[in-house]
Amino acid sequence: MQKNQPIQERLAQHPLALLYLSQPNCSICVADKPRIQTLAQTQQLPLFTINTLTEPEAASLFSVLTVPVVLLFANGKEVHREARIIDFTRLTQQILRYQEALTSVEEQDSYESLFDQLDE
């Protein structure tokens, strides 16, 4: 993946992905970043981080008015947002819910493709 590729394209390349927007002068951001990194690693999700001080246009692009913000994307579309005080339990539940839904769709597609092969 190219670093200069627009973030929306990078997010859309993954079934599920996390985006963390923060600032280095924000104590909550600094404290939450390792937790977000651990969550992403545990759930095997790509994590993209943006410093909104150096990239203020990203804050505008994602309608971020405060930091930290973590966004969950499914197929390039925002499906969950946690801002300021991040509820990691709720965030984890949402990730698991979407992972289950994506797995279910993949299994359904796979199941239907078995019958398509039989018809040939």
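What the table shows:
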read-out	value
Proximal charge balance of LEU65 [Cβ under 13 Å; K/R count +1, D/E count -1]	+2
Net length gained if the chain between ILE85 and LEU65 were fully extended (0.36 nm per residue, minus Cα distance)	5.9 nm
Estimated FRET transfer efficiency when R0 is 41 angstrom, pair GLU100-LEU53 (beta carbons, to 0.05)	0.65
Solvent accessible area, Å² - GLU100, 1.4 Å probe, full protein context	140
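The values are calculated or read from the model by the stated rules, or taken from the named source; none is laboratory data. Here the structure is a predicted model, which is why all the values come from computation and not from measurement. Glycine also receives a Cβ, built like all others from the backbone with ideal geometry; neighbour counts cover every protein chain displayed. Note: accessible area is taken over every heavy atom of the protein model, side chains too, but ligands, DNA and RNA are not part of it. Shrake-Rupley method; radii C 1.70, N 1.55, O 1.52, S 1.80 Å.
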